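The values are calculated or read from the model by the stated rules, or taken from the named source; none is laboratory data. Owing to the predicted nature of the structure, the values given are computational and were not obtained by experimental measurement. Counting neighbours? That spans all protein chains shown, and the Cβs are built from the backbone with ideal geometry, glycine included. Side chains included, ligands, DNA and RNA excluded: accessible areas come from the protein's heavy atoms. Shrake-Rupley method; radii C 1.70, N 1.55, O 1.52, S 1.80 Å.
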Amino acid sequence: MKRIGVLLHSLTIEYAISIITGISDFFKDKDVKLIISQVKGPNYDIGLYEYQCWTGTSYLFSEQIDGLIVISGSFSTATGTSDINSCLKQFPNKPIVSLSSKLDIPGSSYLHVSTFSAYDTLIKAIKKNTKNPVFAYITSDKIKSQESNERIESFKEALNNNGFKFDENLLFHGNFTQSSAISEFKERVPKRKDLNFNVLFAANDLMAIGAKTYFEEMGVHIPKELKIVGFDNTSHAESVIPKIATIDQFFFEQGIIAAEAILKKINGKNIPEQIKLSAKPVLRESCGYPSTEKKKTRGNQLISNGQLSHFLSKIDTIYNLFDLSKASSTLRHLFYSMPYMMDATGILSIALCFFDNPIILGKQDHFALPDKMSVRMYIDRENDIAEYDTSIKFNPSEKILPEGIMNDERGKYILQSVFSGEKNYGYLICKINNDDYGIYPVFLKIIINAIAQAFEYTETVTENKHLSEENKELIEHNSSLSEQSRTDELTRIMNRRGFLELGQRSIDMALELNTTGIIMFADMDGLKAINDTYGHKMGDAAIKSMASILTQALRANDVVARLGGDEFACIAVGMDMDHVQNVRAKIQSLCLETIEKHKYPFPLSISIGAIVFDKNSPSVKDLLAEADKLLYEEKKQKHKIKTLE
């Protein structure tokens, strides 16, 4: 059994999907485990946390992996060859085959697609049917692509071979996207009169289509006034009218060649540093030649009924997958839902591997692969295996999966980092049963989000349980304390010191669980009048009664204290401001009951200032000061009402 990793930017681009299909087609009858990982790029800017995918590079350099195919061309629009080189240099002595960029890795090989002959044939054809051709070229200099630089140099060589000298003023710059081409031409050819060329070559089909869109909107006729040629021969070039002439660099065949080369390298055979393949010109309507393909259009896109049916079935799968993923709360619930998600998406087996603790990873942080992971979940639909929270631990630098998990069966596997925000939990690896590579990133994104949410919910439930038990123990402990330092001697509830200590601790633990709450500062109404009229003994009775009322009005786990004199405070974790009004009403009701019960000859009431605490809140002391301001406002309102009466 040979284990071969495939490193690529994303499975959502046609270029990479076609190559992967060629690779898997070559290996389909061989004893090979193919592990595919889309890793985006370090510091990747698209999406808030997609840079987390880059951690997937680390797993493909496990000692278990025998060789690596790097689809370096897939990184050209985002990361570039330099980042791939830097990454691969950390993991020496691994057989590597690169498509299409030469890597600065000793012993590695790369597939080079020769383009001179294709450019030469196209220029000859255009020369034959164009009066006074003036050639322009849009490259991808904005991202310093090695591939694009090679293409422009081959183009210039072919021009020279046909008796033309390239005008450097007609060199335009994009980044392999339609929008970059449109932006470039808007800036440099803002009006029709500024169009000073009649033939445009582009470094890929998407920029050719961007140019076509821009100039047609300007009123330029393609190909009468402007001939356009792309590069790659993607489906995009066939799906527009007129169809875009292009250069076919044989993506599928590249995959087959790379797969054959890496297998030979693993088996100790000599493979040259450069493996050559020649591109082929494809003449079409955009450069003035009739297209031989049979037209079948709907709107402006080629589509068959079979393709439409397949597309709609995938949309339906995604729709159902969202429902299945939302049906789970904890990891254990997700475990029971996972077989249904696997059946819906064509995943045959899946293993979820977690670090002991999630790793917080910022965009600029370096990822250090831990030496210990555990298999949290393993489901194999083919062999009727379902294991949850296994005790299997392993070193990911040595093995991608431990013994007994997936049993090194040949086939196609996708490895994907599991993350949510800045938290990286580990990775999942799944075996798939079809070649719909482009849809799996969507499936796995939904599944990964469900895993992360279930993990967080599970941890929160566990922590809340611990918090509740700890708070209960603390309350019971404090209720039995006899020392004056933490207990109020008169009321037997906490005093100021006890409140500040336990209160701060309760807030800190709540915020660790991303929970907010309420802190209240309270002041008895009219205690001085009670003392002056009925004596301090009756005043003390009123204070003791108020302590009892507050304790009854609040919940068992809320922290209640007498700060001194007629001042009280409490902390209620998880309570919101809407509930404070209910607490006020309950206190008022208990006050009336207490007056009746003890036959007090005076009114009993309390004023409260309440504020929410959250992760941005200061210390308990500062929070009390803020609540005191609100308490003062309530006192003023009560005084105003009393005066009016």
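Rg and Dmax, both from the Cα atoms of the stretch 147-201 and both in Å, are 12.5, 33. Rolling a 1.4 Å probe over the protein heavy atoms of the chain, with every protein chain left in place, gives an accessible area that is 49 percent carbon and sulfur.
Can you give the % of DSSP beta bridges in the chain that are antiparallel, to the nearest 5? Once the DSSP bridges in the chain are tallied, antiparallel ones form about 60 percent. Fully extending the segment from Phe116 to Asp45 would add 22.1 nm, taking 0.36 nm per residue of separation and subtracting the current Cα-Cα distance. Measuring with a 1.4 angstrom probe and ignoring ligands and nucleic acids, Val220 comes out at about 10 Å² accessible.
Give, in whole angstrom and from largest to smallest, the semi-axes √(5λ) of the equivalent ellipsoid of the stretch 331-380, with λ running over the eigenvalues of the Cα gyration tensor. Ellipsoid half-lengths, sorted descending, are 27, 13, 11 Å.
The calculated FRET efficiency for Glu157 paired with Asn196, based on their beta-carbon distance and R0 = 25 Å, is about 0.60. Amide hydrogen proximity for Lys33: with H placed 1.01 Å from N in the peptide plane, the residues at 5 or more positions away or on another chain lying under 5 Å are Lys2, Arg3, Ile4, Gly411. Loop-located GluC sites (Glu not before Pro) in the stretch 349-403 (DSSP state other than H, G, I, E, B) with a sparse environment of at most 15 neighbouring Cβ atoms within 10 Å: Glu382, Glu398, Glu403.
Remark: C-alpha extents of the stretch 97-172 on the principal axes read 49, 25, 14 Å, sorted largest to smallest. Using 0.36 nm per residue and subtracting the Cα-Cα separation, the extra length available between Glu501 and Lys224 on full extension is 91.4 nm. Computed on the Cα trace of the stretch 508-569, the radius of gyration divided by the Kirkwood hydrodynamic radius gives Rg/Rh = 1.12.
Within the stretch 559-630, the ratio Rg/Rh, alpha carbon atoms throughout and Rh by Kirkwood, equals 1.02.
Residues whose amide H comes within less than 5 Å of that of Asn204, counting only those at least five positions distant or on another chain, are Phe231 (H built at 1.01 Å from N in the peptide plane). Based on the Cβ-Cβ distance of Asp25 and Lys615, what FRET efficiency does E = 1/(1 + (r/R0)^6) give at R0 = 51 Å, to the nearest 0.05? The computed FRET efficiency comes out at 0.45.
Partners of Lys265 within straight-line reach, counting aspartates and glutamates whose Cα lies under 18 Å from its Cα and excluding those fewer than 8 residues away in the same chain: Asp31, Glu63, Asp66, Asp104, Glu273. Shown in residue order for the stretch 543-559 are the 3J(HN,Hα) couplings computed by the Karplus curve 6.51 cos²θ - 1.76 cosθ + 1.60 at θ = phi - 60°: 5, 4, 5, 5, 4, 5, 4, 4, 5, 6, 6, 9, 8, 4, 8, 6, 9 Hz (x for Gly and Pro). Checking (i) 1.11; (ii) 1.17; (iii) 1.37 against the coordinates, the calculated Cα Rg over 2.2 N^0.38 Å falls under label (iii). One equal scatterer on each Cα of the stretch 489-615, no solvent, Debye formula: the resulting log10 I(q)/I(0) at q = 0.12, 0.18 Å⁻¹ is -0.45, -0.94.
With 30 Å as the limit on Cα-Cα distance, the pairs of Lys156/Lys269; Lys102/Lys191; Lys131/Lys191 that go past it are Lys156/Lys269; Lys102/Lys191. Extending each Cα 7 Å along its Cβ direction at Leu171 and Lys597, get the distance between those two points in nm, one decimal. Reported label-point gap for Leu171 and Lys597 is 9.1 nm. For the chain, the longest principal axis of the alpha carbon atoms and the long axis of helix 205-217 meet at an angle near 90°.
Multiplying the residue separation of Asp371 and Asp389 by 0.36 nm and subtracting their alpha-carbon distance yields 4.6 nm. In this simple spin-label approximation, Ser179 and Asn149 carry label points 7 Å from Cα along the Cα→Cβ vector, and these lie 2.7 nm apart. Which value in deg cm²/dmol, rounded to the nearest 500, describes the helix-derived mean residue ellipticity at 222 nm for the chain, given -39,500 (n - 2.57) per DSSP H run of n ≥ 4 and division by the residue count? Computed mean residue ellipticity for the chain: -13500 deg cm²/dmol.
A 1.4 Å probe run over the protein chains yields, for the chain, 47 Å² of accessible area per residue, whole-number rounding.
Across the stretch 320-410, Cα-Cα distances exceeding 17 Å account for 57% of all pairs. Please give the FRET efficiency for Tyr534 paired with Asn449, using the beta carbon to beta carbon distance and R0 = 41 Å, rounded to the nearest 0.05. Calculated value: 0.05.
Around the amide H of Ser101, modelled in the peptide plane, lie the amide H atoms of Ser72, Gly73, all under 5 Å away and 5 or more residues distant in sequence or on another chain.
Of the Cα atoms belonging to the stretch 71-141, the radius of gyration and Dmax stand at 17.7, 56 Å.
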